[in-house]
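Asker: What follows is a structure written as structure tokens; I'll ask about it next.
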Amino acid sequence: MSDFRKRLEKVSAPYLVRLHALPRWVLPVVLTVFLLIGLLANPAQPAGFWIGFFALLFIGLVLVWLLALSWPLLSRSSKVLRVLVALLIFYAAFSRF
């Protein structure tokens with residue numbers, strides 16, 4: 001196991017414990033709300049631009065973080081699918097805003 005992986009797991013452990021303590025529906029609902037905010041924000045207005053951009057960026061970063069933590073356990077097809085979803089979120093953030 002690499003040093004980066006050990007540090008990532010060590011730093012992530014308290015946050016994962018807090019996430020695990022929440023009801024199971026909280027994380028999907030929160031990410032869905034952020035996704036809707038990001039996709040429905042009006043990029044023509046300055047506030048809408050930044051709110052939408054950071055909402056989508058937040059989702060992308062959470063997905064990449066969870067992907068990095070689960071990487072060794074995933075099958076090849078799961079890895080490809082999750083990377084594509086994360087790239088799609090980042091594409092939406094940077095192309096739309």
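Asker: Starting from the coordinates of the alpha-carbon atoms of the chain, obtain the Kirkwood hydrodynamic radius over all distinct pairs and give the value in Å to one decimal. Each step should come with its number before you reach the end.
Answerer: Details: mean 1/r = 0.0679 Å⁻¹.
The answer is 14.7 Å.
Asker: Using a 7 Å offset from the Cα along the Cα-to-Cβ direction at both residue 2 and residue 35, what is the distance between the two label points in nm, to one decimal?
Answerer: It works out to 2.8 nm between the two label points.
Asker: So how strong a dipole does the chain carry about its Cα centre when Lys and Arg Cβ are +1 and Asp and Glu Cβ are -1, to the nearest 20 debye? Could you put the intermediate results ahead of the total?
Answerer: Details: 10 positive and 2 negative charges, 61 e Å.
I would put it at about 300 debye.
Asker: Next up: Only counting other Cβ atoms within 10 Å, I'd like 11, 85 sorted with the fewest neighbours first.
Answerer: Working: 11 9, 85 14.
The most exposed by this proxy come first: 11, 85.
Asker: Run lengths n ≥ 4 of DSSP H only: what is the helix-derived mean residue ellipticity at 222 nm for the chain, with -39500 (n - 2.57) per run over all residues, to the nearest 500? Provide the component values of the computation, followed by the final result.
Answerer: Numbers: 4 runs with 80 residues, N = 97.
-28500 deg cm²/dmol, from helical runs alone.
Asker: Right, next: Among 37, 89, what is the fewest-to-most ranking by other Cβ atoms within 10 Å? Mind dumping the intermediate values first?
Answerer: Details: 37 17, 89 23.
So the residues, fewest neighbours to most, are 37, 89.
Asker: Membrane-span-like helices in the chain: DSSP H runs reaching 20 Å or more (Cα, own axis), mean Kyte hydropathy at least 0.5? Don't skip to the answer; put the middle values down first.
Answerer: Values: long enough: 3-21 (27 Å, -0.47); 26-40 (21 Å, 2.95); 46-70 (36 Å, 2.21); 76-96 (30 Å, 1.06).
Span-like helices here: 26-40, 46-70, 76-96.
Asker: Next question. Taking 7 Å along the Cα-to-C-beta vector as the label spot, tell me the residue 80-residue 12 distance in nanometres, rounded to one decimal.
Answerer: 2.3 nm
FYI, it's all coordinate maths here, none of it is from the lab. It should be emphasised that the depicted structure is a prediction, and the values quoted were computed from it without experimental measurement. Cβ: placed from backbone, ideal geometry, glycine included. Neighbour counts: every protein chain shown.
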